[in-house]
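Before any comments, here is the structure.
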Amino acid sequence: MRWLVGWSSIAASFGTVGAVGHHGEGRTVHPVGSQLLWGDPDPLWAVGDWRPDEIRVVTVATSEGAPTTRLAVLGCCGATDEQLRVGLLAARGGALRHLTAWPGSYTAVVQIGRRITVAGDLAGARPVFHTPWANGTAYATAALPLADLIEAQLDIGHLAALLACPETPEALGDGTPYAGVKRIPPGHALILREGSREITGYEAVASLAVAAPQADPVSAVEGVRDALVEAVRARLTAPRHAPETLPPDPGPVPGMGPAERRAARGAPVPGIGADLSGGSASATLALLASGLPGLPGTVLGHGTGAGERLLAVTFNDLSAPGREDEMERARVIAANPRLHHVVVAAGEEALPYASLESGPLTDEPAPSLVVAERHRRRLSAGSADHFVGHGARQVLDAHPARLADLLMDRRRRHLLRPVAALARAEGPSTHSLFVPLAVYRAARRLARTSYRTGLETAASLLPDANRDAPDLDTPADASLASLAWSRPGPAARWLTGEALAEVSVRLQEAALRPAFVQRPGEARARAALARHAADQRILEQAAEIRSQRLHAPYLDNQVVRAARALPESLRVQPGARAAILRRVLAGAGIHDLPPGWGTPSQATSTAAGRIGLRTALPELIALFDAPLLADAGLVEARVVRKALRAASEGEPLPLDGLAELASTELWLRRLVTRRGTCWTGTAAPRQRAVAGVVVPARRTLQP
């Protein structure tokens, strides 16, 4: 786990420059295992196993007596030193957007005198957190260190909102699972001036009353292509890193080659690699990375290095049938001579919910905790720098609520193809005949519903979510449920009435607050992207392989911006993501793709989840025998155990909701059994955050 942390406070509360972390009356505090980037009065540290090229600090020379002007960029950034200096000068004049326009995934921190600016990303994969501390404000890219710093308790209300409405920013607010630790929204920056804080957006705000001019589809797709190519190029041109020294190879093992023995010891393969699932997202990255032209030192200007082949890893789940076509597509793509194909076969040991007793404590809870072992087995066979296709669906596809945006712009004819596709997905039945009319009515209702009315309606319906929760069996049902300003999450049906009522109050209060209102489809799409990016961040922590870096270019700022420029009429069409990525590859000179490329494969993951639930049922029942969630008043243990047994027997219950409950309970147990703290020094916190047991009467975790 890697993070950065710093703070800004009133100068009188700190000693002279150089007394790093000085905190009143001669006491000191600094993070464990940290690297100081600059010192007092507003220090900044990088904590964790950062690579040398992932930390870049640029200082602009100023006249004597002028305020210090410097920029720290942490992560993978494709900008040159000169571009960083230009961006620093632009940020000094207030143009914060320049800090987020470079290829790659990174966090930028600017210091101009006593003013500190920390820019978050657009998707939410690199969030920024802050909390009041020492007559000022401390900030970090992880919430747990700040919770340790102020010895925070758990915010049970936030956990309830996270389970009840995970894709509703109005319910989550700016909170975190730790009381007192706040998160800045995606697309915003945190500005600190001698301890005072300000949160400001750096993206242009579109008008709600006037429709934005529609971009040309051809130029918009070209923008996505250029952004993806630059995102991949930024990773390929970065210095290569060999895995750190690990336990010695035990020697020949029957049935295992050198690569398998290396994976068993937890070491990635040196070089560049990528997932190759047979789907459009991962295949696009693998093909771009293996044949991207123009890289220096490559054979004929192609490939990832001079004579180097890209390692393509395909995960073959032997316990969940139905992936034969996907595996065949991966095999055809891997026939490219620039790819070295590795198939990772796994059985029950890699199903969802496997090895729940192991795994590190992550920054926050997320549904990906129950599939961490599944991903870790695949990634252990990957490279030191490994591309993953996560986020493509949320970035490129259209959220169903965008149909309402089309109606607001009087583009009714663009609804014909997506509505007809939903009707075909229902199959030949009487019900499918009414799908187009039902979807059109729901989209029109949403287009005519104001933001305040929509939240108030959602708040009034939420307390009954545990009794009137619908079964979303078909794509049409899921799309109809998504055509609303807010809807309960899949885990809401198992929450207690008290927890749902508390989240309902949050929605009612949010409806009364003045806020900038986006179009309903755009707002829902951004919320879904933020939710997925947060889950991806936690997955990287839960399935982390030492010396390995996961790269998700679809979540990069420039790719997200380019995708937002795509016309809505193009995004809502069936198969839009596969068509866009096909044109991206064609623009890069890649035309030969296997038949069926881009076919969705969500059904196989659902089947694997049900098999994993059935296999791990005894462990899950034991997990919810005396759950901490029940002690906090969020669920009833008996109800959850009954749902687990019913789902394992094939009852059509939302598996995503059960995964969220299991992940949150698992995270809570790891948190309360944690030992130690992120800080050291004479003024360091004397206890870890949120340690102890839950007291239902106070709805908090006591030390």
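The values are calculated or read from the model by the stated rules, or taken from the named source; none is laboratory data. Please read all numbers here as calculations on a predicted model, not as lab measurements. Cβ atoms come from the backbone with ideal geometry, glycine included; neighbour counts cover every protein chain shown. Only protein heavy atoms, including side chains, enter the accessible area calculation; ligands, DNA and RNA are left aside. Shrake-Rupley method; radii C 1.70, N 1.55, O 1.52, S 1.80 Å.
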Could you look through the stretch 190-210, keep only residues that are at pLDDT 90 or above and of a type outside the set (Ser, Thr, Tyr), and pick out the one that is nearest to PHE129 (Cα to Cα)?
-> LEU190
Sole miss for GLY113 among (1) within 28 Å of the chain's Cα centre (by Cα); (2) farther than 29 Å from ASP226 by Cβ is condition (1)
Identify the residue in the stretch 95-118 that is free of Cβ contacts under 8 Å to residues at least 60 places away in the same chain and open to solvent by 10 Å² or more (accessible area, probe 1.4 Å) and, among all such residues, is nearest to THR28 (Cα to Cα).
-> GLY113
Among residues of the stretch 152-163, those that are part of a loop (DSSP other than H, G, I, E, B) and open to solvent by 10 Å² or more (accessible area, probe 1.4 Å), counted | 2
Does VAL57 meet the test of being in contact with a Ser or Thr (Cβ under 7 Å, 6 or more places away or on another chain) and surrounded by fewer than 21 Cβ atoms within 10 Å (Cβ to Cβ)?
-> no
Which ones in the stretch 122-164 are charged (D, E, K, R) and at pLDDT 95 or above?
-> ARG126, ASP155
Could you list, in sequence order, all residues of the stretch 234-244 that are out of contact with any helix residue (DSSP H, G or I) (no Cβ under 7 Å at 6 or more places or on another chain) and either open to solvent by 60 Å² or more (accessible area, probe 1.4 Å) or at pLDDT below 90 (or both)?
-> THR237, ARG240, HIS241, ALA242, PRO243, GLU244
Return the total of residues in the stretch 627-654 being assigned to a helix (DSSP H, G or I) and in contact with a strand residue (DSSP E or B) (Cβ under 8 Å, 6 or more places away or on another chain).
-> 3
Could you list, in sequence order, all residues of the stretch 627-680 that are of a type in the set (Val, Ile, Thr) and within 30 Å of ILE150 (Cβ to Cβ)?
-> VAL635, THR664, VAL672, THR673, THR677, THR680
Inspect all residues belonging to the stretch 547-563 and state whether any of them is surrounded by fewer than 24 Cβ atoms within 10 Å (Cβ to Cβ) and modelled with pLDDT under 90.
-> yes
Residues located in the stretch 57-96, provided they are more than 23 Å from LEU555 (Cα to Cα) and among the β-branched types (Val, Ile, Thr) | VAL57, VAL58, THR59, VAL60, THR62, THR68, THR69, VAL86
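What number of residues within the stretch 360-376 satisfy the criterion of being surrounded by fewer than 19 Cβ atoms within 10 Å (Cβ to Cβ) and either part of a helix (DSSP H, G or I) or at pLDDT below 90 (or both)?
0
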If VAL635 passes every condition in (1) in contact with a Ser or Thr (Cβ under 7 Å, 6 or more places away or on another chain); (2) surrounded by fewer than 21 Cβ atoms within 10 Å (Cβ to Cβ); (3) not basic (Lys, Arg) but one, which one does it miss?
-> (2)
Which residue, of ALA608, ALA626, is modelled with pLDDT under 95, under 20 Å from GLU357 (Cα atoms) and open to solvent by less than 50 Å² (accessible area, probe 1.4 Å)?
-> ALA608
Members of the stretch 119-151 found to be surrounded by 23 or more Cβ atoms within 10 Å (Cβ to Cβ), among the hydrophobic types (A, V, I, L, M, F, W, C) and in a loop (DSSP other than H, G, I, E, B), listed by number | LEU122, ALA123, ALA125, VAL128, ALA142
Enumeration of residues in the stretch 496-512 that are of a type in the set (S, T, N, Q) and under 11 Å from VAL635 (Cβ atoms) | THR496
